[in-house]
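Shown next, in structure tokens, is the structure this report addresses.
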Amino acid sequence: MKKALILLAPGFETIEATTPMDVLRRCQIPVVVISVNGEDKHGVMHTDELTVTSSHSVSVKADYTLSSAEGRAVVSEAEMVILPGGFPGYVNLAKNKEVGEILKKYKREGKLIGAICGAPTALKANNIAPGSRITCHTSVKDDMTAGGYLYTGSAVERCGNLITGKGAGLSLEFALECALALTDAERVTEVKKKMEL
């Protein structure tokens with residue numbers, strides 16, 4: 001079974017992280033949540049902490065920290081990495097060198113990369129697939145197009161192994177597209193029925 005990795009940095013967007021967690025697990029896709037170092041919205045640095053607080057003060061306990069041996073092992077095992085947006089969460093992801101190495105490794109190995117809202121800026125920061133069709137929050141659209149990405153403005157955009165989502169209100173559509181990339185359409189359709197979609 002393909003496994004997904006969700007990276008949580010301080011100041012992540014709650015719904016953009018928890019919706020993929022929920023939907024993928026409903027689809028019986030193993031999900032591992034990894035805590036990433038970074039500054040919270042007050043400028044306080046958080047390092048090697050399992051509990052990560054969102055931009056709206058919701059605390060989520062990760063399975064591992066990125067610096068742990070277990071966290072590094074999961075990075076090697078997973079078939080997809082998902083980056084939620086939220087401020088300053090997406091800035092923390094874009095600045096983090098280890099996150100950059102993960103993105104480069106996944107791109108190199110043909111693995112799946114998902115990013116929503118402001119998180120596609122981590123792709124630009126690490127020169128991941130410029131020229132790809134993407135969508136993102138309108139607040140970072142100009143930054144992405146300046147980096148050579150083709151902004152479509154769609155709710156969700158898939159271009160090869162890259163899946164991007166526009167923002168928090170479209171988290172469910174983004175999560176379902178990630179699920180479709182990891183499992184068969186029949187399973188996703190069944191989950192959608194159970195969710196009254």
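Just so it is clear, none of the values below were taken in a lab; they were calculated from the coordinates. Since this is a predicted model, take the numbers as computed values, not measurements. Backbone-built Cβ (ideal geometry, glycine too); neighbour counts: all protein chains shown.
At a glance:
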{"item": "Cα shape, the range 103-197, gyration tensor, a/c 1.5 rule", "result": "oblate"}
{"item": "Listed peptides 50-56, 130-136, 162-168 by packing density, highest first (mean Cβ within 10 Å)", "result": "162-168, 130-136, 50-56"}
{"item": "Rounded if a/c under 1.5, otherwise prolate or oblate - the range 11-121, Cα gyration tensor axes", "result": "rounded"}
{"item": "For Gly114, residues with placed amide H under 5 Å, excluding near neighbours", "result": "Val81, Ile82, Leu83, Ile163"}
{"item": "Packing rank of 5-18, 115-128, where each peptide gets the mean count of other beta carbons within 10 Å, highest leading", "result": "5-18, 115-128"}
{"item": "Anchor Lys166: lysines whose Cα lies under 17 Å away (excluding residues fewer than 8 positions away in-chain)", "result": "Lys124, Lys141"}
{"item": "Calculated log₁₀ intensity ratio I(q)/I(0) where the Debye formula runs over C-alpha points of the range 10-63, q = 0.24 Å⁻¹", "result": "-0.92"}
{"item": "Trypsin sites (Lys or Arg not before Pro) restricted to DSSP loop in the range 24-70 with at most 16 other C-beta within 10 Å", "result": "Lys41"}
{"item": "Burial ranking of peptide ranges 99-110, 74-85 (average Cβ count within 10 Å, highest at the top)", "result": "74-85, 99-110"}
{"item": "Cα shape, the chain, gyration tensor, a/c 1.5 rule", "result": "rounded"}
